[in-house]
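The values are calculated or read from the model by the stated rules, or taken from the named source; none is laboratory data. Remember, predicted model here, so these are calculated numbers, not experimental data. Every residue, glycine among them, receives a Cβ derived from its backbone with ideal geometry; neighbour counts consider all protein chains shown. Quick note on the areas: whole protein, heavy atoms, side chains included, nothing else; ligands and nucleic acids left out. Shrake-Rupley method; radii C 1.70, N 1.55, O 1.52, S 1.80 Å.
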There are 2 protein chains.
Amino acid sequence: MASETAQKLATMSIAADAQTVSHGPCSNMGEWRSQLETVKGLPESYALTKTLVFKPKTPKSQTAVLIVLVALEDTDTPSNLIAKAVNAKDPRMATPDAVQAALGVEPADVSPLSITKENAAAIQVVLDQRLVDSTAKIAVHPSRSDVTVFVAGSEIKSYLENAGVKVTVVEFSLVSVQAASKVEVKKTKPTAKVAVVDSKVEGAELIGVTVKKEVDFSNWYQQVLTKGDMLDYYDISGCYILKPWSYSIWEKVQRWFDDNIKTIGVENCYFPMFVSAKVLEREKDHIEGFAPEVAWVTKAGNTELEEHIAIRPTSETVMYPYYAKWIRSHRDLPLKLNQWNSVVRWEFKHPQPFLRTREFLWQEGHTAHQTRAAAEAEVLTILDWYAGVYSELLAVPTIKGRKTEKEKFAGGLFTTTCEGYIPTTGRGIQGATSHCLGQNFSKMFNIVVENPDWKDGDPEEDKKLLVWQNSWGLSTRVIGVMVMIHGDNKGLVLPPRVAAHQVVIVPCGLTARTTEEERKALLAGVQEIADTLQKAGIRVKADTRETYSPGYKFNDWELKGVPVRIEYGPKDIEKKQVLSVRRDTGVKTPIPLQGLAASLKTLLDTIQADLYQKAKAAYDEHTKIITDWADFVPALNAKNVILIPHCDREDCEDEIKERSKGRNDGDEPEDAKAPSMGAKSLCIPFEQPKGEHALVPGKTKCTQCGLDAKHYTLFGRSY
Amino acid sequence: MASETAQKLATMSIAADAQTVSHGPCSNMGEWRSQLETVKGLPESYALTKTLVFKPKTPKSQTAVLIVLVALEDTDTPSNLIAKAVNAKDPRMATPDAVQAALGVEPADVSPLSITKENAAAIQVVLDQRLVDSTAKIAVHPSRSDVTVFVAGSEIKSYLENAGVKVTVVEFSLVSVQAASKVEVKKTKPTAKVAVVDSKVEGAELIGVTVKKEVDFSNWYQQVLTKGDMLDYYDISGCYILKPWSYSIWEKVQRWFDDNIKTIGVENCYFPMFVSAKVLEREKDHIEGFAPEVAWVTKAGNTELEEHIAIRPTSETVMYPYYAKWIRSHRDLPLKLNQWNSVVRWEFKHPQPFLRTREFLWQEGHTAHQTRAAAEAEVLTILDWYAGVYSELLAVPTIKGRKTEKEKFAGGLFTTTCEGYIPTTGRGIQGATSHCLGQNFSKMFNIVVENPDWKDGDPEEDKKLLVWQNSWGLSTRVIGVMVMIHGDNKGLVLPPRVAAHQVVIVPCGLTARTTEEERKALLAGVQEIADTLQKAGIRVKADTRETYSPGYKFNDWELKGVPVRIEYGPKDIEKKQVLSVRRDTGVKTPIPLQGLAASLKTLLDTIQADLYQKAKAAYDEHTKIITDWADFVPALNAKNVILIPHCDREDCEDEIKERSKGRNDGDEPEDAKAPSMGAKSLCIPFEQPKGEHALVPGKTKCTQCGLDAKHYTLFGRSY
């Protein structure tokens, strides 16, 4: 078997990359997936495919050309859209005989690798654009379903093209948007959240989240976001639609943070999104990092613009020339401006919703102060609020600290950060950063005042005072971090403080024998509960949709992560109680109607606290103090972030990164699952280890290089 | 004199455009301006210039080349920046002798027209970019200051270039931003709001607003906005910086409107700012109007993008493909989404802050409904809130109505609007529009559900139901309208409900003889009042800045339009009272400390109501019912908007526009001041004239064409 696979792979010239996994024969995707999940030696991230064969309606006089659909398992691929894509009439699942005749295998064994130069003429392929674009390895099985190989999506395309088969690449998401029209769409069942089983498309059931968080995190994340109604993919790569379910979380973050910064006199404003080339490029060092990602407007209508205009990647160079203009005296200080806006960084790396997007929403604060002390105090105040957004609102623990010289904001004096941790991948993630820019930017942009404290006799050069500046930013990334940490295999889990609906009430127990009177009484009861809770300040939703079953509603709200579900039925009326179900734990508890609002408030607070504690426990458990380098990479591979006594040297950080890259060539312990990414410094935590671990200057040595350690520094693989 | 002027003008080839005004000789700008204001025959809008002559420090061995600065009067042109622009050393005002020698006129008589081919070699010119760009006519005086001509800014440039003089065009706003650095800047006096008199630059004093609203509205508007701290000009034409003073007004509008729309279930979301060309251009009719103004991103870093990407001018084509995807059943209706975002329309017309800008902030609501009735009801609800933003918050009266077929949103079913009126110019201004799109867009984008009411036997074509859609938008334009209506010659006048500070307290009566104890008692008293008012929910600011005089503070807050100023001094302490001063009327009233918060709340309510009433009275007074065409243009020229019985025909609207254009060739009464703009229909008011003016179907005739009138329609010159 292995040699046969190897042969196939050679054909595809992907041998070097491919990993093969043997598993027993199985007849359906579900079993296949569960078996896959138990085997060893999987790539860190992979995506499942579906390969389905259709036969279009064909005049008797002609030979049918079968359509082979190759798509990611979770791409929605209605047969009518396939029909449209290749202009075929009424395609239906091909019979086993037809598949055998065309491809020489059983339907269950069909895979892209079943297609060869020999059989290419009898078929055509519809290929999912998402699959082609996917950076995850694609799981396909060659000729027989008891072997799986992992290849890149683009390689599948090359393979098929080499086989000489007609390939039509389809962006299903876009097609379904654009073309849903021309086809006869039957829509009698709810299809939005829990996809309906299309009886014509066996094996493509999409009920809830179809992959496990711990098995295929990347795919899980995508599914949780789209099926949980947080966002939709957009037809421009790297751009996403923030749907109300996620945007409302952003609104709560905005309100909380905005209220806080206003207490220290920060004012909101709005600067243009455009920057002229000459202004953008004035500060060479600063812009160097952004230049490759700057989007340029060169044309308006049909007119070529004389000067190309950039879209801001951040606003330092947009704003500071005006700071120089506005700040004319120390009396104009402090100047504290903030804006809620979007910025554009046209990255060519793989985009990821919320974490790496080409346009993203954020706030950027830019302040100017007379003294270093005032600037530094503000940096820390803001950092506390950033950490507060995570801990108070999103129930996400972070570690506050200072970035190393290597990782700080280019051109700034120092950067403070709050660093999060994603247990599933064991990777750190930067939460938000608050920079003290020192006087570097004020020097470049000449933001100067006359020193009010200067006296005759003082040195002449002290007469002018460069202002001290800070900048600080928090983006919609916070939502992604929250989802990654709390979500589970049923979908999103939202912390009560940011959930659009904190409680959903589902009327239950209605049957065919329920009288109209009983039904009305129940619905009236539901409404009364909703009104009571709303008056008490709880964000409540009564789900009285008539055409959906309670079970459907349970799934729906679980997918969307509503913290508490309340079930209310005829028996509950009798007992004067409701049944509460926690989304995070699934625990069901009856609660008396008497005092319900107060009980629920307590419950919501408990959930909020529990979510935080759970995440905190995971972070704590996976933060290891390592003093022997031999333990470093194994600890990293065991999904930890690592505190080491460190020498503070940039070179040493580089070596740590290099030495912690996954490789099998000797020095480090071999580990088949070690990802290729090296560890970098996350921060120098403000709270340094104490007691037995306390760093002893001159005595404690750097874990990596053995020189004197200066600080404990947190290292980890990171996003 | 007139013939000499004509000769000059011929040289400049601007004879057709120029208007000349004779006035008596005068020696300074202030007098000149006040005389200008009294003469007749001025262009509708013009800008004053300053022409100043400098002599740079020159080695004795060389002949000094004088620098002639030609700038708009209100451009900030510090001599150090002039020095930088032409690389001259320490330029100072040239002596009368030097001016006479170089240009042959007295310093007071210098104008751009003093520069000729004969004297061009002895001087060089620094020309203000703003002046070159200005679309207002520029007032200059040829050779002697007792005659003024009005020319275009660009023509001054051409004239100078033809004269062979070296011309350096400088964007002072940018230079002052970029270059303030390299020069030795003395900043011992406050210079921000009320510009300091630079003793070196005679005649360039810029104290408060230097032009009168009723004389040079366009210039007044710019000054009020910049000096009132609402915005700053940006180095990309058509883009402006919204400073906190204006942005806070936008925040209040946002909060009020957002709270309202959420009560009807509208949810906020965020769609990407980018649109692919293919999606943007899908709907040809709709995009036709926007195409010439679309900004295109064609490059990221140094990479040419394969597909050019547009920045949204509005989001119909961005959003509706996804509506088609998301709306799968009538159960998904209504869908009510809104976003607060910025859009880009790269207009090449003269930009105007808030009213016509290339990027602007707005909200755009896009909703989908099952029935026409539901859609229509929402259109009107939203319109009421738009009118409410104006009347409740901004104290601006509007007239609600329907746009004519000619003026409605292209592709929509009907457009509703609230129309404002700017008394100073007599022009109407569109406030905000709420469109019922009908089923036109749902047809184009195929947003379809199965009709839940369809029964066997009903026509087959009724089985599918195109959704009914609305879209509605309100932009930062509201701020511009508010400023234009309430502002006066002292600066902004802000309605209390949107003012960032509703009340400012200025400690007064401190003299050299005031003891430290008295001073402390006074400041403590001020703080106590501030605390009391703040607790009562009044937005109050205690202006305890020490280095500014009360007079300076009075001017400062008047310029910024704070509704109520409170003066508090030693005598007030004795009398247990404060002195209140209304910004809108200037009326001063003592108010007892006892019950001050309540008294002030009443006063603020009164001011809010009075501002509205004053604007309403002006609107009412200038809304004329005209039934005889002969009265139409004269009424228009008398700064009225006009209600006429109208036939509802588009052709007739075209004729009205054509016939109301200013011209002197016969048909219409000659009017030297008639602007060239024709009148267009503003709306068909919901509230139609009643009583004696009531329209009698079949009997009342259209004022313009004499055919049967269908509705009273409001016409006017407009923005």
Being surrounded by 16 or more Cβ atoms within 10 Å (Cβ to Cβ) and under 30 Å from A:T263 (Cα atoms) narrows B:Y612, B:Y619, B:Y548 down to just B:Y548
Run B:H435 past the list (1) open to solvent by 10 Å² or more (accessible area, probe 1.4 Å); (2) not in a strand (DSSP E or B) and report the number of the one that doesn't hold. (2)
Answer residue from region B:306-325, given it is out of contact with any strand residue (DSSP E or B) (no Cβ under 7 Å at 6 or more places or on another chain) and without any contact (Cβ under 8 Å) to a residue 40 or more places away in the chain and is nearest to the other protein chains (Cβ to nearest Cβ) among those: B:K325
Specify which of the listed residues (B:D584, B:D605) is open to solvent by 60 Å² or more (accessible area, probe 1.4 Å), within 30 Å of B:Y221 (Cβ to Cβ) and among the acidic types (D, E). B:D605
From B:N268, B:N260, B:N302, which residue is facing chain A (nearest Cβ under 9 Å), polar (S, T, N, Q) and within 23 Å of B:A387 (Cα to Cα)? B:N268
On the given criteria, is B:Y390 more than 26 Å from B:Y234 (Cα to Cα), within 12 Å of another protein chain (Cβ to nearest Cβ) and in a helix (DSSP H, G or I)? no
Of the residues that make up region A:344-358, is at least one more than 8 Å from chain B (Cβ to nearest Cβ), touching a Phe, Trp or Tyr at 6+ places or on another chain (Cβ under 8 Å) and in a helix (DSSP H, G or I)? no
Qualifying residues in region B:417-432 (those that are among the polar types (S, T, N, Q) and part of a strand (DSSP E or B)) - the one least open to solvent (accessible area, probe 1.4 Å): B:T417
Whether any residue in region A:554-564 is within 14 Å of chain B (Cβ to nearest Cβ), surrounded by 13 or more Cβ atoms within 10 Å (Cβ to Cβ), in a helix (DSSP H, G or I) and under 33 Å from the mean Cα position of the chain (by Cα) is what I want to check. yes
When the residues of region B:51-63 are narrowed to those that are modelled with pLDDT under 80 and of a type outside the set (S, T, N, Q), which ends up nearest to B:R130 (Cα to Cα)? B:P59
Which residues, taken from region B:75-108, are open to solvent by less than 30 Å² (accessible area, probe 1.4 Å) and of a type outside the set (S, T, N, Q)? B:L81, B:I82, B:A83, B:V86, B:A88, B:P91, B:A94, B:A98, B:V99, B:A102, B:L103, B:V105
Mind checking which residues of region A:283-299 are closer than 27 Å to B:E307 by Cβ and more than 7 Å from chain B (Cβ to nearest Cβ)? A:I287, A:G289, A:F290
Are there any pairs, at least 6 apart or on different chains, whose C-beta atoms fall under 7 Å, with the first in region A:439-454 and free of Cβ contacts under 8 Å to residues at least 24 places away in the same chain and the second surrounded by fewer than 17 Cβ atoms within 10 Å (Cβ to Cβ), and if so, which? A:W454/A:D462; A:W454/A:K463
If we only count strands (runs of 3 or more DSSP E) wholly inside region B:215-299, which ones have 1 or more residues that are closer than 25 Å to A:N268 by Cβ and open to solvent by 10 Å² or more (accessible area, probe 1.4 Å)? B:231-233, B:240-242
Taking the stated definitions as given, is A:A615 of a type in the set (G, A, S) and either in contact (Cβ under 8 Å) with a residue 60 or more places away in the chain or in a loop (DSSP other than H, G, I, E, B) (or both)? yes
Every pair of residues 6+ apart whose Cβ atoms lie under 8 Å, when the first sits in region B:704-716 and is more than 11 Å from B:I656 (Cβ to Cβ) while the second is at pLDDT 95 or above and acidic (D, E): B:K710/B:D648; B:H711/B:D648; B:L714/B:E419
Condition check for A:K406: away from chain B (no Cβ under 14 Å), out of contact with any His (no Cβ under 7 Å at 6 or more places or on another chain), farther than 26 Å from A:S246 by Cα and outside any strand (DSSP E or B): yes
Only one of these conditions is not met by B:W454: (1) within 30 Å of B:F217 (Cβ to Cβ); (2) within 14 Å of chain A (Cβ to nearest Cβ); (3) in a loop (DSSP other than H, G, I, E, B); (4) not small (G, A, S). Which number is it? (1)
Which ones in region B:438-451 are part of a strand (DSSP E or B) and within 14 Å of chain A (Cβ to nearest Cβ)? B:V448, B:V449, B:E450
Among the residues of region A:326-336, the number that are of a type outside the set (D, E) and at the interface with another protein chain (Cβ under 7 Å from one of its Cβ atoms) is 3
